[in-house]
Structures are given as structure tokens and as C-alpha cells.
1. Karplus couplings for the stretch 81-90 from phi (6.51 cos²θ - 1.76 cosθ + 1.60, θ = phi - 60°), rounded to Hz, Gly and Pro as x?
2. How high is the relative contact order of the chain? Use alpha-carbon pairs under 8 Å, at least six apart in sequence, and give a whole percent.
3. Just in the stretch 51-148: which trypsin sites (Lys or Arg not before Pro) are loop by DSSP and have at most 10 other Cβ atoms within 10 Å?
4. So what's the back-of-envelope 222 nm ellipticity for the chain, counting only DSSP H runs of four-plus at -39500 (n - 2.57) apiece and dividing by all residues, rounded to 500?
5. What percent antiparallel are the DSSP beta bridges of the chain, to the nearest 5?
6. Tell me the volume per residue, in Å³, of the convex hull enclosing the alpha carbons of the stretch 1-84.
7. What area, in nm² and to one decimal, does the C-alpha convex hull of the chain cast on average over all directions?
8. Whole Å is fine, so just give me how far the alpha carbon centre of the stretch 44-61 lies from that of the stretch 166-186.
Amino acid sequence: MNALIIVDVQNDFLPQGRLAVPEGDLVIPVINGLQAGYDLVVATQDWHPANHLSFASQHPGASLFEKIELDGLEQVLWPDHCIQGTPGAAFAEMLDTRSVSAIFRKGMDTRLDSYSGFFDNGHRKSTGLAAYLRDMAVSEVHVCGLAADFCVFFTAMDSLTAGFHTGILTAATKAIDAGTFAEKLQRFSAQGGKIL
Ligand code: VGL
Ligand code: ZN
């Protein structure tokens, strides 16, 4: 069985959103067209409380995109985004979600960011995604969505570690920073990941 993981295709990551990914909207028709080729389609959703500590707004005097240390982990300070229940956290209206069998939310713990759909950044808590995929007899996982250099990359790396044959669908993802993504893709492929 193969599975498609659609990562964080949410309004705040689209060009009008609060943490806009350049050309993020262009992945939507591509992802809609890909879904029929998979036995299982799941989605992740970044889902932060308003006072999440990954937000620069929670650190007086800090600048956007500055790196700080939070509970022993490096943390980029983002603009407020994907706040639980707000329009920015909703899936893009044009995304076809009819075939999505389960949605895995992440980033709810105020002190801990979560780029991967499988684990928080400290690998302290699982979302249950790996167990779900195994239960559905999935062996091959393809990852798409936003943003390529953060949540797509870390989801794909954790998928490899969990033992799934894993590929990143490069035509169905866009990066916050294309240079960062190129470096991370090399790391992914060095670990046995497929660039599709
Ligand atoms: C993401 C930064 C912060 C992502 C989520 O979906 O790639 N990036 N939260
Ligand atoms: Zn986030």
C-alpha cells in the first residue's frame, strides 16, 4: 500500500497568509491531481495555541526569523501563524480533502514546535501517524505540501526513520527558502530518500 502525506496546505502558508511560502498556492492543483494515485491519503495541520513559543510575538525584543534556544532546542521565531480555529489554520479552500482519511495535528504544545507530522522537534511525543500508516499496511510514503524546507523535509526524514520507503514529490512542494531546501534534499537522499 502507498500513502500520500499532504503537509500543512493551510491558508497561512499561502501567498496572502501570515507565514507565506512563495508560490505556495501553486502546489494545490498538483496535489489535487496526484491523490487518485494513492491507496491512502492523510494530511497534517499546523495547529498552534495563540501563545505558542515559536512565535516571535511571545519574546519581547526578539526579531522575526531569529534563532533562539527553547528547552534545549534551536527554535526559529516565526510570525504568528496557524492559530487553532482561525481562518489561517484552515486548509486551503481549493485543496480537495474528500479522500483524506485522517488529519494529524501538530504544534499544540506551547513550549515545543513540531515540523514533522510524526513527532515534535524534540522527538518527545509521537502524533500516532507512523502507527496509523503501519496499521493500514503502508510501506511506501510520498510527501508533498508546505513548506518544503521545514515541515515537508522533517516529515519525510521521520518517515524514512520509521522504516517507510519515502519520497518527496518536488513538483508538489514549495520552500520558504529554496537554497535551504536544496541542502536538505541532499541530506534526505543521502539517507535513502527518493526525490520524485
Ligand atoms: C511550518 C514553520 C513553522 C511548515 C510550520 O509548515 O513548514 N514552518 N510552522
Ligand atoms: Zn508552525
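All of the numbers you see were taken from the coordinates with simple rules; none came from a lab. Being a predicted model, the structure only gives us computed values, none of them experimental. Heads up, the Cβs are rebuilt from the backbone with ideal geometry, glycines too, and the neighbour counts pull from every protein chain shown.
1. Couplings: 7, 6, 7, 2, x, 8, x, x, 8, 6 Hz.
2. Relative contact order, the chain: 26 percent.
3. 98
4. -5500 deg cm²/dmol
5. Antiparallel bridges make up about 20 percent of those DSSP assigns within the chain.
6. Measuring per residue, one finds 118 Å³ for the Cα hull of the stretch 1-84.
7. Directional mean of the projected Cα hull area for the chain stands at 10.0 nm².
8. The distance from the Cα centre of the stretch 44-61 to that of the stretch 166-186 comes to 24 Å.
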